[in-house]
Amino acid sequence: MRLPYLASGPLVWLTTMAITTVLLVASSKALWLVVPFLLAIILYYMLYPVVRRLVLSGVNRETAALLVAAGVTILAVAVMVPLLPWLAAQSLAGEETMYRYLAGGRTLIDRTLETLEAQFSFLRRLNFHAEMGKMAADFGDNFLQKKIGETLLKAAAWLPSLLLAPFFAFFLLRDGRVFVDALASGVPNAFFERTIYMFHRVDATARNYFQGLLKLTVIDTVVLTIGLWLVGVPTAPVLALIAALLAWIPVVGSVIGCVLVMLIAATEFPTDPWIVYATVGVFAFARLLDNFFFIPLTVGRSIQMHPLPVVLMVFIGGTVAGVPGLILALPLAGVVSAVVGTVGGIVQDPRLRARHAYAKALQKERVSVDFGL
Amino acid sequence: MLGFLQRRRAESPRIAQIRQLGLFATLGPKELRVIDSLLYERRYLKGEVVFDDGDEGQALYVVLSGRVMVCKEINTVTTVVAEIPAGALFGELALLDGAPRTAQVRAAEDCVLAALSRADFGNLLETHARIASKIALQLARDLGHKLTARFVTAESRPL
């Protein structure tokens with residue numbers, strides 16, 4: 001009776017979490033490289049089916065990768081060129097627009113607190129409006145405004161490195177299998193089958209996660225567009241897409257998306273707070289749909305780990321590597337879990353180790369036959 | 001339509017080699033190229049174990065050169081029950097049902113094997129169904145031949 005293929009248990013969890021944390025810390029030191037690589041992986045999983053189709057139709061892999069990369073570049077340029085004047089205007093007015101929306105948010109908080117004080121006398125006695133209003137103002141002036149400036153600066157510094165993403169994606173599409181073959185060729189025969197199984201699990205984890213994420217983004221965009229359009233929020237499709245993209249950040253992403261749309265609604269409709277409350281309702285409903293239907297159908301079971309280490313990893317990711325850490329934590333933990341499980345399975349299997357030792361002995365005997373040892 | 005992109009290249013030696021194998025005999029040149037990109041080439045020394053009885057099978061192997069022997073433990077003695085020459089395949093049940101290996105396979109002499117992983121075959125079924133069905137048909141034929149050979153051996157055995 002052989003041991004299970006994959007090792008599991010608390011030791012494997014701890015090792016997975018420790019290795020993932022180290023990788024997240026390392027990646028936080030090289031975000032200029034990690035972020036484009038992450039985007040490249042997403043692009044790779046988006047474009048791989050097209051390359052595969054071309055290969056089947058008889059085009060060789062190198063040409064197929066080149067054709068797809070060229071097609072995507074032409075498409076991106078065709079989409080971006082008409083948008084450039086608008087984007088330039090938006091980026092110039094970006095900071096001013098954000099402060100306007102923050103002011104809109106403060107107005108909404110003021111009005112809500114006023115209404116609450118008018119309704120409940122104990123809040124009036126506590127001077128609730130003035131105290132909470134002061135806290136909100138402090139938060140807005142001292143924290144958010146500084147953070148917005150910092151975040152915009154960091155985003156601007158990253159933009160050139162994002163151009164690396166299409167290059168990485170192209171090489172993954174063209175040479176992905178070459179990398180796998182090169183890795184497999186370095187693996188001893190005794191561990192070969194375990195290793196190809198590990199490759200399959202790593203690929204399946206990353207593919208299911210990122211393709212699931214893309215499907216979830218499309219679904220969320222459609223649901224939020226319909227909801228926000230029904231509520232009457234302007235430019236619903238754009239806001240829905242931004243909120244759906246922000247939801248890539250586990251746990252906090254959808255909250256940030258909701259707050260963003262709330263601020264915009266509060267600024268655009270300063271006299272009608274019910275639109276803001278309805279916006280929150282739309283996001284809450286979309287979140288429920290996500291949790292009960294869409295996430296299980298898309299990202300769902302791609303990360304084959306217990307929920308406890310998964311949640312812990314999300315928080316550790318956020319702590320050690322910020323927003324990229326939050327996004328990376330889950331797929332990275334899934335991949336590391338596959339590798340640790342396989343290596344653990346090999347380490348715990350004495351027969352495999354004995355086979356490897358025997359193969360090495362055969363090799364040694366062969367290469368030293370003329371030494372008369 | 002994309003014919004102009006299909007470079008007329010000299011067939012690689014490995015494609016020429018796998019074309020000769022029964023398992024891939026019905027595949028066309030483009031299909032052989034797809035299969036060639038999925039095969040892992042492994043080299044084994046005489047006596048080295050390819051897989052053990054009871055292992056979870058992850059790949060089918062084709063003998064490109066050399067020979068392998070199939071061993072079974074009978075009454076605590078390991079006995080060679082068959083030898084597989086170059087051009088033949090083994091470990092095919094792993095591709096069909098992922099069942100544990102039913103015997104040990106070792107290299108009878110230095111040999112080169114081509115391995116097709118179960119995961120790649122599964123992907124092939126989804127993405128290149130035509131190629132996968134041709135391989136599956138050849139696998140079924142091969143299993144049929146092996147089964148017939150076993151019946152013939154059993155029938156010719158003296159009672």
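Worth a mention:
- With R₀ fixed at 60 Å, the C-beta to C-beta distance from A:Ala182 to A:Val81 puts the FRET efficiency at about 0.95.
- Chain B packed on chain A takes about 3200 Å² of accessible surface away from a 1.4 Å probe, both sides summed.
- Using the Karplus relation 6.51 cos²θ - 1.76 cosθ + 1.60 with θ = phi - 60°, the per-residue 3J(HN,Hα) values for the stretch B:53-65 come to 4, x, 5, 6, x, 10, 7, 9, 10, 10, 7, 7, 8 Hz, with x marking Gly and Pro.
- Using the Cβ-Cβ distance between A:Phe122 and A:Leu308 with R0 set to 35 Å, the FRET efficiency from 1/(1 + (r/R0)^6) comes to roughly 0.30.
- As a rough guide to protection, the peptides B:142-150, A:251-259, B:88-96 ranked by mean Cβ packing within 10 Å, highest first, stand as B:88-96, A:251-259, B:142-150.
- Computed from the Cβ-Cβ distance with R0 of 56 Å, the FRET efficiency linking A:Phe315 to B:Ala149 stands at 0.35.
- Percent carbon-and-sulfur accessible area, chain A, ignoring ligands, DNA and RNA, probe 1.4 Å: 73 percent
- Here is the tail figure for the stretch A:229-285: Cα pairs spaced more than 20 Å apart come to 16 percent of all pairs.
- Charged-residue dipole, Cβ positions (Lys, Arg, Asp, Glu), chain A about Cα centre, Debye nearest 20: 1280 debye
- In this label model, A:Arg100 and A:Thr271 are separated by 1.9 nm, measuring between points 7 Å along each Cα→Cβ vector.
- Shape annotation for the protein assembly as shown: C-alpha extents along the principal axes are 104, 56, 52 Å, from largest to smallest.
- Residue (of B:Ala86, A:Phe292, B:Leu113) at the positive-pole extreme of the protein assembly as shown, dipole from beta-carbon charges: B:Ala86
- Under 19 Å from a label point set 7 Å out along the Cα-to-Cβ vector of A:Leu297, the amide N atoms of the stretch A:195-236 belong to A:208-228.
- Given charges at beta-carbon only (K, R positive; D, E negative), |dipole| of chain B in Debye: 720 debye
- Note on A:57-64: average number of Cβ atoms from other chains within 10 Å of each residue's Cβ is 5.
- Separation in nanometres of the label points that stand 7 Å from Cα toward Cβ, at B:Ser12 and A:Met46: 3.0 nm
- Net charge contributed by nearby residues that have their C-beta within less than 9 Å of B:Glu31 (K/R +1, D/E -1): +4
- Taking the longest Cα principal axis of chain A as reference, the axis of helix A:31-56 is set at about 70 degrees.
- Normalised by the number of residues in the stretch A:229-353, the average gap of Cα pairs under 8 Å and 6 or more apart makes the relative contact order 18 percent.
- Karplus-derived HN-Hα couplings along the stretch A:251-263 (A = 6.51, B = -1.76, C = 1.60, θ = phi - 60°), whole Hz, x at Gly and Pro: 6, 8, x, 5, 5, 4, x, 5, 4, 4, 5, 4, 4
- The count of lysine pairs in the protein assembly as shown that are at least 8 places apart or cross chains, and whose C-alpha atoms lie under 27 Å apart, stands at 14.
- Spacing of the modelled spin labels on B:Glu41 and A:Leu214, each 7 Å from Cα toward Cβ, amounts to 3.3 nm.
- Mean separation of Cα contacts under 8 Å, 6 or more apart, over the residue count of the stretch A:174-242: relative contact order %: 21 percent
- Mean accessible surface per residue for the protein assembly as shown, computed with a 1.4 Å probe while every protein chain stays in place, in Å²: 55 Å²
- Average Cα contact separation per residue, chain A, under 8 Å, 6 or more apart, as relative contact order %: 30 percent
- Prolate/oblate/rounded call for the stretch B:45-148, Cα gyration tensor, a/c under 1.5 rounded: prolate
- For the stretch A:315-373 versus the stretch B:63-88, the spacing of their alpha-carbon centroids is 29 Å.
- Considering only A:Asn291, A:Asn127, A:Asn208, the Gaussian network model of chain A with Cα springs below 10 Å gives its largest mean-square fluctuation to A:Asn127.
The values are calculated or read from the model by the stated rules, or taken from the named source; none is laboratory data. Everything numeric here is computed off the predicted structure, so don't read it as measured data. Here the Cβ is made from the backbone with ideal geometry for all residues, glycine too, and neighbour counts use every protein chain on show. For accessibility, only protein heavy atoms count, side chains too; no ligands or nucleic acids. Shrake-Rupley method; radii C 1.70, N 1.55, O 1.52, S 1.80 Å.
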